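To keep things clear, I will list the structure first and then write my remarks on it.
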Amino acid sequence: MSEKQHDIISDEFNEDSSFEFQREDDSASEHIAAPKYSYWGSVFRRFFSNKIAIIMLVIALTLVLFAFIQPMFSGYDPMRTPNINNKSMHYLRPFTTKGFIFGTDDKGNSLFDALWSGTRNSLIVALGATFITETIGIIIGMFWGYSKKMDVIMLEVYNVLSNIPTMLIAMILVYALGGGIPQLIFALCVTTWVGTAYFIRVQVMIIRDREYNLASRCLGTPTPKIILNNILPYLISVIITSVSRDIPLFISTEVALSFMGVGLSQDKASLGRMVQTYAAYMTTASYLFWIPVVTSAILSVSLYIVGQALADASDPRTHMI
């Protein structure tokens, strides 16, 4: 149809208000009539539909916030010396003591203040060790799983480090370096990163030879770009799973090391140090022992459940339409 004929027909239709001339639009055929999709929006919808995860998230956030905010105002001193001449001091008093929510310890300190100071330091150790372990493990694990040449070398490294007990290495390093927070974090990360790297390596090997990765290699895409754009997004749920496993694990390890007397030094409060110190009062003042133990258990379980729920919600396989 010529432009002149098109204009004539257009004018005829325009004279009648009942008709409207529809022009041809080539781009309209490329439009897909589908609702807008947000990956992270879908992740959070799935996560917040899990009522147990929400309850555990509230518990975990409450404990974490108390642990980092309350010690700023408490003035708790783990090295405080009991003043036995001060008759107004309260020693080894349970919950009934006025002004002390959880009672007092053998030095007259508020157990409530000691608990949150200890929880803060335990969380700092666990979060710091998890961040370092996951960062090193993910980076090395990505290239380890993708490169067959690197796989030969790293398998030997893994076979050596994985057969050395992590607890033993941590104890030796803490003895040698001291019982500070940075030293303990370093001691926990020395061997644990290789387990994370091996875990990531296995996941990468599962998807590295899929069609879209083979196509990227054929097109000459650099290996770091393939890992960053093609592989890493698919492993988000795997990484979250690893993080949710490591944080409670490092909290438990710190408690175990401090209970054995090789964790943080005496001037650093921690859940493990409290358990170790108050174990002697299990029969006379059992609340001193059980309150930090129960707090450690609740914190570890709540963080683990929240992490697992978030990992399930972020699994790409649950978002396929």
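We did not get these values from a lab; they are worked out from the coordinates using the rules stated. Predicted, not measured: the structure shown is a model, and the values here were computed from it. Glycine gets a Cβ as well: all are built from the backbone with ideal geometry, and neighbour counts include every protein chain shown.
Brief remarks follow.
- Cα Rg, Dmax (largest Cα-Cα span) when computed across segment 226-310, Å: 17.3, 62
- Restricting segment 169-214 to trypsin sites (Lys or Arg not before Pro) in coil, as DSSP defines it, with at most 11 other Cβ within 10 Å: none
- Difference of contour (0.36 nm per residue) and Cα-Cα distance, K149 to M282: 42.3 nm
- Space enclosed by the convex hull of the alpha-carbon atoms of segment 177-321, per residue, Å³: 125 Å³
- Remark: segment 200-321 carries a charge dipole of roughly 300 debye about the Cα centre, counting +1 on each Lys and Arg Cβ and -1 on each Asp and Glu Cβ.
- Ranking T191, L214, I227 by how far each Cα lies toward the positive end of the dipole of segment 123-268 (charges on Cβ) leaves L214 at the top.
- Proportion of all alpha-carbon pairs of segment 121-254 beyond 20 Å (%): 49 percent
- Maximal additional length on extending the T62-M205 stretch stands at 47.6 nm, based on 0.36 nm per residue less the C-alpha distance.
- Extension gain, Q183 back to T221 (0.36 nm per residue minus Cα-Cα distance, nm): 9.6 nm
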